[in-house]
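Step one of this worksheet: look at the structure below.
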Amino acid sequence: MDAGDTVTAVARDDSPASGLIQRALDRIAAVEVTLNAYTHLDPERSMAAARSVDERVDAGEPLPLAGVAVGVKDLIDHAGWPNTLGASFPPKTPTITAPCIQALEQAGAVVAGRTGLHEFAFGFSSENHWHGPVHNPWDPSLSPGGSSGGSAAAVAAGTVPIALGTDTGGSVRVPAALCGIVGLKVTHGRGSIRGVFPLVASIDTVGPLARTVADAAAAYEVIAEHDPADVWSVPVDVDRSEGAADIGSLTVGIPHPLVDQPVTDPVATGFEWAIERLAERGATVVHLDEPALEVPGKLLDAMYFEAAEVHRERFSQAPDRYGPEVRERLEIAMSHTGARYVAGLAWRARIANAFRRALARCDVLVTPTVAALRKPIGVPEIDVAGSTVPYRGPLSAFTSVINHAGLPAIALPLDRDGAPPPSIQVVGPAWSEARLLDIGLGLEQAGVVKARKPPVWAE
């Protein structure tokens, strides 16, 4: 069941939360041998939490996510649950729960398990050197994307309706695209990243993955509250979904040269189909020329110095405790100077201003979410437009720049054939998450967006 159906069933006393969580745990057990989507399960703890929700429902407490099973990325602190960070180092078991998980639990959601990720969230494949690769429900030989690959695979396979991921360069939207589901990247500063192991705190965000836009909206509204104890959290009122947007009233911008990067044929045809459907439903489509919106530019300069600082002491003491791919990237990051970082920040400011200019001319921007949809596990390169290139570039081609602009964006699966189907990214001005969700609802109602069931599906 979707989250909305779960909440309705619990409220009507059709099904207790404890029964629904047991079903979720059974679904996880049915597919986990294929997916390796979870790093840690604690059925007794999950069932105890579910029974507590039943007691709260019986007492008449309103719970917007009553009985909803959720997965949480295994770098977010949850009291009593080990936090591996996807790493080889001994996991720590925190005593304090991160505000984003605490908010879900206060709303009646129950954590069914901790989900796998790219080591330290520093990559886009979730092929973890220490915990094994997460597999894609559409084809277990493929990567689910990353770094929140376990969360995306868990949702796409039907084990939980909602999961939390983190997004620093696309780590919610990329796996959402590769697994054929919805992924919301929030404005930097929306909600809280306290209790989340950092990659680059100046652009880190926490966001939901779900099969439906309505479920993503329900999770977003719970986790989006300001956290005064988090220096990165901004005190801005949480915008609430108002229902499906009128697609015909939208002015949709296609940003060039950002969208002119090489893509695979399924991505190209899917994007063209989506733009045609938007126009058919009355949207005004405009092509925008913003020369500054060209990537990668100084993207790595704007983040590698910060990433190196997070790991510098640990890396200097035990470099061999890092997997080969992450170790190689950190070695490069360690060489980045403060001067390069300052230049990167200047580039980031130019990017942000370019997006502001573009969004002043339209309601939202639309791009593909990724340049390629299929990344074989164990293969470091993929073919794009006749060239064989390292996989990270095509997977982050349209997402990373959005983080550096600090803007919200939503990845939406198109109602098209494909394994997985193509995905589009809709980008809005700062703090416009609810508007993006309402546009997603409108696109679902218009038959443009739909999450399909992959071959690995847990009934």
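Rule-based calculations on the coordinates, nothing more; no lab input. Keep in mind that what you see is a predicted model, and the values were worked out from it rather than measured. Here Cβ is always computed from backbone atoms with ideal geometry, including for glycine, and neighbour counts include all displayed protein chains.
Observations on the model:
- Cross-link reach is defined here as a Cα-Cα straight distance under 16 Å, omitting same-chain residues fewer than 8 places apart; for K450 the aspartates and glutamates meeting it are D2, D215, D415, D417, D438.
- Inter-site label distance for A318 and V389 at 7 Å from Cα along Cβ, in nm: 3.7
- Pairs beyond 30 Å (Cα-Cα), from K185/K298; K92/K453; K92/K375; K73/K453; K92/K298; K73/K375: K92/K453; K92/K375; K92/K298
- Amide H partners (placed H, <5 Å) of S423, local residues excluded: T369, V370, L414
- Summary of the geometry: the stretch 52-123 and the stretch 368-403, compared by the centres of their Cα atoms, lie 30 Å apart.
- 25 °C / 0.890 mPa s Stokes-Einstein diffusion coefficient of the stretch 59-198, Kirkwood radius on C-alpha pairs, µm²/s: 164
- Computed Kirkwood radius, in angstrom, where 1/r is averaged over Cα pairs of the stretch 1-45: 11.7
- FRET efficiency for the W130 to T34 pair, using the beta carbon distance and R₀ = 25 Å, is estimated at 0.80.
- Taking Cα centre as origin and charging only the Cβ of basic (Lys, Arg, +1) and acidic (Asp, Glu, -1) residues, the dipole magnitude of the chain rounds to 740 debye.
- Fully extended contour minus Cα-Cα distance, from E331 to Q445, at 0.36 nm per residue: 36.3 nm
- For the stretch 107-155, the spherically averaged projection of the C-alpha convex hull amounts to 3.8 nm².
- Here the gap between R281 and S202, fully extended at 0.36 nm per residue and compared with their Cα-Cα distance, gives a gain of 24.6 nm.
- Rounded to 5, percent antiparallel among DSSP beta bridges of the chain: 65
- Gain in span if fully extended, D26 to F89, counting 0.36 nm per residue against the direct Cα distance: 19.7 nm
- Restricting the trypsin sites (Lys or Arg not before Pro) of the stretch 8-88 to loop positions (DSSP other than H, G, I, E, B) with no more than 12 neighbouring Cβ atoms within 10 Å leaves R12.
- Within the stretch 1-158: Cβ-based charge dipole about Cα centre, in debye rounded to nearest 20 (Lys, Arg +1; Asp, Glu -1): 260
- Evaluating kT/(6 pi eta Rh) at 10 °C and 1.306 mPa s, with the Kirkwood radius of the stretch 360-455 over Cα pairs in the Stokes-Einstein relation, gives 108 µm² s⁻¹.
- Rounded if a/c under 1.5, otherwise prolate or oblate - the stretch 1-122, Cα gyration tensor axes: prolate
- With contributions of -39500 (n - 2.57) from each DSSP H run of at least four residues, the per-residue ellipticity at 222 nm computed over the chain stands at -11000 deg cm²/dmol.
- Computed Kirkwood radius, in angstrom, where 1/r is averaged over Cα pairs of the chain: 21.6
- At R0 = 60 Å, FRET efficiency that the Cβ-Cβ distance of A349 and A59 yields, to 0.05: 0.70
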